[in-house]
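*Asks:* Next up is a structure, given as structure tokens.
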Amino acid sequence: PYGVTCNTLVPGFVMTPLNARLSSDPEKMAALAARTMVGRNGLPEDFAGAAVFLASRASAYVTGQAIFVDGGFSVH
């Protein structure tokens with residue numbers, strides 16, 4: 001009744017400064033990318049569309065959802 005919703009974005013492997021050590025290993029990066037349906041690892045900007053949607057009125061009837069932003073990693 002208060003218009004509060006609760007959803008989450010579920011990331012796959014995302015190249016950020018926090019995992020720079022792993023990102024510097026080409027073999028590991030290629031292995032992770034090969035496990036996605038889109039053939040690459042994620043970037044922080046890949047989350048923008050989903051985050052804007054969840055923050056907008058367009059998602060007012062969406063609640064209790066886990067939105068996977070993982071390039072298909074979770075289904076491969």
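*Asks:* Look at the stretch 39-67 and say how many of its residues are within 18 Å of Thr16 (Cβ to Cβ), among the hydrophobic types (A, V, I, L, M, F, W, C) and touching a residue at least 24 places away in the same chain (Cβ under 8 Å).
*Replies:* 4
*Asks:* Return the residues of the stretch 41-73 that are exposed (fewer than 10 other Cβ atoms within 10 Å of the Cβ) and touching a Ser or Thr at 6+ places or on another chain (Cβ under 6 Å); say none if nothing qualifies.
*Replies:* Result: Ala66, single match.
*Asks:* On to the next question. If I ask for residues that are surrounded by 14 or more Cβ atoms within 10 Å (Cβ to Cβ) and at pLDDT 95 or above, which ones from the stretch 15-27 would you list?
*Replies:* none
*Asks:* Among helices (runs of 4 or more DSSP H) lying entirely in the chain, which contain 2 or more residues that are among the β-branched types (Val, Ile, Thr) and within 14 Å of the chain's Cα centre (by Cα)? Spell out the reasoning first.
*Replies:* Values: elements: 20-23, 26-34, 48-55.
In the chain, there are no helices (runs of 4 or more DSSP H) which contain 2 or more residues that are among the β-branched types (Val, Ile, Thr) and within 14 Å of the chain's Cα centre (by Cα).
*Asks:* How many residues does the stretch 17-29 hold that are farther than 19 Å from Ser74 by Cβ and either of a type in the set (Gly, Ala, Ser) or in contact (Cβ under 8 Å) with a residue 12 or more places away in the chain (or both)?
*Replies:* 3
*Asks:* For Gly12, are the conditions met, namely being of a type outside the set (A, V, I, L, M, F, W, C), surrounded by 13 or more Cβ atoms within 10 Å (Cβ to Cβ) and touching a residue at least 60 places away in the same chain (Cβ under 8 Å)? Walk me through how you get there before you give the answer.
*Replies:* On the way: of a type outside the set (A, V, I, L, M, F, W, C): yes; surrounded by 13 or more Cβ atoms within 10 Å (Cβ to Cβ): yes; touching a residue at least 60 places away in the same chain (Cβ under 8 Å): yes.
Against the criterion (of a type outside the set (A, V, I, L, M, F, W, C), surrounded by 13 or more Cβ atoms within 10 Å (Cβ to Cβ) and touching a residue at least 60 places away in the same chain (Cβ under 8 Å)), Gly12 qualifies.
The values are calculated or read from the model by the stated rules, or taken from the named source; none is laboratory data. Bear in mind that the values here come from a model prediction, so they are computed numbers and not experimental data. Neighbour counts are summed over all protein chains in view; Cβ atoms, including those assigned to glycine, are modelled from backbone coordinates with ideal geometry.
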